[in-house]
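Reviewing the structure listed below.
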Amino acid sequence: MDSHRTERVSEALREELGEIIAYELSDPRIADATVTEVLLSPDMRHAQVRLHLSNEAGQQAATIRALDGARRFLR
């Protein structure tokens, strides 16, 4: 596929997921999560989302659990 198209779709997903996490999820454990990068598979069927979380290990684990619970909504 066209690498420029992949980059555009990746950037659009990053922006959209960032807005959903920041404004539509009401779980306070997710407040500090920031989407930094979205990596797409060559066929654009799978995405790997990279996040920036707080430095505290306990808070990171709670954020991951909260995002895992919201997985279907985010998908």
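Quick rundown of the values:
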| quantity | calculated |
| --- | --- |
| All positions within region 60-75 that are of a type in the set (A, V, I, L, M, F, W, C) and open to solvent by 80 Å² or more (accessible area, probe 1.4 Å) | 64, 73 |
| Filter result (open to solvent by less than 70 Å² (accessible area, probe 1.4 Å) and not small (Gly, Ala, Ser)) within region 15-33 | 17, 20, 21, 25, 27, 30, 32 |
| Matching residues in region 38-59 - criterion: being free of Cβ contacts under 8 Å to residues at least 24 places away in the same chain and open to solvent by 70 Å² or more (accessible area, probe 1.4 Å) | 45, 46, 48, 50, 52, 55, 56, 57 |
| Criterion (modelled with pLDDT of 95 or more and of a type in the set (Ser, Thr, Tyr)) met by exactly one of 10, 54 | 10 |
| Test: residue in region 36-54 that is among the basic types (Lys, Arg), in contact with a strand residue (DSSP E or B) (Cβ under 7 Å, 6 or more places away or on another chain) and closer than 24 Å to residue 10 by Cβ | yes |
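The values are calculated or read from the model by the stated rules, or taken from the named source; none is laboratory data. Quantities reported herein were computed from a predicted structural model and do not represent experimental measurements. Positions of Cβ are generated from backbone atoms using ideal geometry, with glycine treated the same way; all protein chains shown enter the neighbour counts. Note: areas computed on protein heavy atoms with side chains; ligands, DNA, RNA excluded. Shrake-Rupley method; radii C 1.70, N 1.55, O 1.52, S 1.80 Å.
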